[in-house]
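I have placed the structure first, in the form of structure tokens, so that the comments after it can refer back to it.
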Amino acid sequence: MRLAVISDTHIPERADAIPDDFRERIAGADHTIHAGDFETHEALANIRDLAADLTAVHGNADPADLELPAVADVTLEDVTFVVTHGTLNPVEASVYGHDGMVMTDEDWANAIADTARARTRAWNGEGVVGIGGHSHRVEDRVHEGIRLLNPGSVTGADPAEKATMMTVDVEDGGLEVTLHEG
């Protein structure tokens, strides 16, 4: 199964369109994951039209009435993908009583990993991938036992230097991640 993993569309404020080759990858994927910041109802509708199936979350630049969850998950080929935008760590906010706002790269990694663990209760991270956006920086690493992915900005919206996305091939609990640059 092939996934298209994208984030931070920011159309029309910071970008005009998703590059054509990325649109083709999204349309050709079995499932698309978007980690927030569509920016408009039209941008979300455009992704929904392209994607065969979509899991998406609300980002900090999205209108309140976009009606997307803050956290979503989908299990495909024995791997659970937990998606959140990455501006807030809800686990730290509820457990430690502070606002949970993400301010540093370490905060971002903690937010995505903590959310993935809390959503799945898989404390060792086996069979779980946390996906976030927000920073517009590509990430593919393991943090505290959880594989973290950030596809960057699918349109190359500032502060990204170029458009990026990931495809993930998932089979029998294993995955292969490929970064695509526009």
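The values are calculated or read from the model by the stated rules, or taken from the named source; none is laboratory data. The structure presented is a predicted model; accordingly, all values stated were derived computationally and were not measured. Positions of Cβ are backbone-derived with ideal geometry, glycine not excepted, and every protein chain shown enters the neighbour counts.
On the basis of being touching a Lys or Arg at 6+ places or on another chain (Cβ under 7 Å) and under 17 Å from residue 168 (Cβ atoms), does residue 3 make the cut?
no
Looking at (1) surrounded by fewer than 16 Cβ atoms within 10 Å (Cβ to Cβ); (2) under 18 Å from residue 153 (Cβ atoms), which one does residue 4 not meet, given that it meets all the others?
So the condition that residue 4 fails would be (1).
Starting from segment 156-176, take each residue that is under 16 Å from residue 134 (Cβ atoms) and list its partners that are outside any loop (DSSP other than H, G, I, E, B) and among the charged types (D, E, K, R), counting only C-beta distances under 8 angstrom and pairs at least six apart or across chains.
Taking only residues 6 or more apart or on different chains, the pairs are 164/181; 165/25; 166/140.
Every residue in segment 23-51 that is without any contact (Cβ under 8 Å) to a residue 24 or more places away in the chain and hydrophobic (A, V, I, L, M, F, W, C), please.
Listed by number, the list holds a single entry, 45.
Out of all the residues in segment 55-65, is one or more closer than 15 Å to residue 168 by Cα, part of a loop (DSSP other than H, G, I, E, B) and modelled with pLDDT of 95 or more?
No: zero hits.
Select from segment 35-54 the residues that are in contact with an Asp or Glu (Cβ under 9 Å, 6 or more places away or on another chain) and assigned to a loop (DSSP other than H, G, I, E, B) and write down the one among them that is nearest to residue 131 (Cα to Cα).
35
Which pairs do you get when a residue that is more than 13 Å from residue 179 (Cα to Cα), found in segment 136-148, comes within reach of a residue that is of a type in the set (Val, Ile, Thr) and not in a strand (DSSP E or B), reach meaning Cβ atoms under 6 angstrom, with the pair 6+ apart or on two chains?
Within 6 Å, the pairs are 148/112.
Select, from 27, 70, the only residue that is out of contact with any His (no Cβ under 6 Å at 6 or more places or on another chain) and at negative phi.
27
Output the residues belonging to segment 16-34 that are closer than 17 Å to residue 56 by Cβ and assigned to a loop (DSSP other than H, G, I, E, B).
The answer is 18, 29, 30.
Output the residues belonging to segment 12-32 that are of a type outside the set (Gly, Ala, Ser), within 16 Å of residue 2 (Cα to Cα), crowded, with 16+ Cβ neighbours inside 10 Å and in contact with a Leu (Cβ under 9 Å, 6 or more places away or on another chain).
23, 26, 31, 32
If the requirement is being at pLDDT 95 or above and within 18 Å of the chain's Cα centre (by Cα), which of these qualifies: 8, 20?
The match here is 8.
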